[in-house]
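Visitor: Mind looking over this structure? Questions follow.
The values are calculated or read from the model by the stated rules, or taken from the named source; none is laboratory data. Quick caveat, the model's predicted, so the values are computed rather than measured. Here the Cβ positions follow ideal geometry from the backbone for every residue, glycine too, while neighbour counts run over all protein chains shown. Side chains included, ligands, DNA and RNA excluded: accessible areas come from the protein's heavy atoms. Shrake-Rupley method; radii C 1.70, N 1.55, O 1.52, S 1.80 Å.
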Amino acid sequence: QRAAPTTVADSLLGDIEHEATSVPPAAASSAGSAGSQPHPGALDLAFGLTTSPPPAPSPSTSSTTPSIALASRPAMDAPQFERRWTALSVRHTESRSAALPTDTHSVLAAVEQSCEQRRIYCMASGAAGSQLKFFFYAMEEGGPGGGGVGVYFFVECVMEAGSGVKVTVKSEGGADKVALFVAELWRALQQFIGA
């Protein structure tokens, strides 16, 4: 029997088995050389996950449709994610049909990679049976450190074969920025959405 959740993050993930994650640069830099066990950091403590260095970001695909410029590797750690997720109100929820293969492990990695290519980064993810759950974050370019007024976006994404994909977005951004971010998120998830 699973122990009672000890953090907000454990509560967010619920009974999902923690199996994969991407980490912010600070956690990645403390993870050590390839092949060594990473030192438990804030992410490990908050989410109960193992960490590994993230892959190098891929260039974004240009588009003629309106889009939002997202920052590369914005600063974010697990405690900050928890605080922001808990404090912010839901700005958008949406569900679409899913076209998911049965191999959940390959889907976890593919979803994270597809989102990361659009600068939407995974804080935690896991699988339980046919259900996958992800927590993502992104920041509008020009935010902290960039001299602008960029805002953060936080996402819970639940996928289940035969059920669909549901996203919940929280942000302090205005409705126009949230709408642009949601469109970018669905572009990242396009290959997993059913016809």
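Visitor: Considering only protein heavy atoms and a 1.4 Å probe, what is the carbon-and-sulfur percentage of the accessible area of the stretch 63-131?
Guide: Roughly 50 percent, rounded to a whole number.
Visitor: Could you order the peptides 107-113, 92-98 from most to least packed, using the average number of other C-beta atoms within 10 Å per residue?
Guide: Going by the mean number of other Cβ atoms within 10 Å, highest first, we get 107-113, 92-98.
Visitor: Find how much the distance from ALA69 to THR93 grows on full extension, using 0.36 nm per residue of separation minus their present alpha carbon separation; answer in nm with one decimal.
Guide: Working it through step by step, the gained length comes to 6.5 nm.
Visitor: Also, quick follow-up: Amide H of ALA124: which non-local residues (sequence gap of 5 or more, or other chain) have their own amide H closer than 5 Å, using H built in the peptide plane?
Guide: Counting only residues 5 or more places away or on other chains, the set is SER22, PHE135.
Visitor: With θ taken as phi - 60° and the coefficients 6.51, -1.76 and 1.60, list the Karplus ³J(HN,Hα) couplings across the stretch 68-84 in order, rounded to whole Hz; mark glycine and proline as x.
Guide: Rounded to whole hertz, the list is 10, 7, 9, 6, 7, 6, x, 5, 6, 10, 4, x, 5, 4, 4, 4, 5.
Visitor: Now for a different question. So for each of 179-191, 115-127, 77-89 I average, over its residues, the number of other beta carbons within 10 Å; can you give me the resulting order with the highest mean first?
Guide: Answer by packing, highest mean first, reads 115-127, 179-191, 77-89.
Visitor: Grab the Cα-Cα distance for GLU172 and GLU141, subtract it from 0.36 nm times how many residues apart they are, and report the gain in nm with one decimal. Mind showing how you got there, number by number?
Guide: Numbers: separation 31, 0.36 × 31 = 11.16 nm, distance 1.47 nm.
Working it through step by step, the gained length comes to 9.7 nm.
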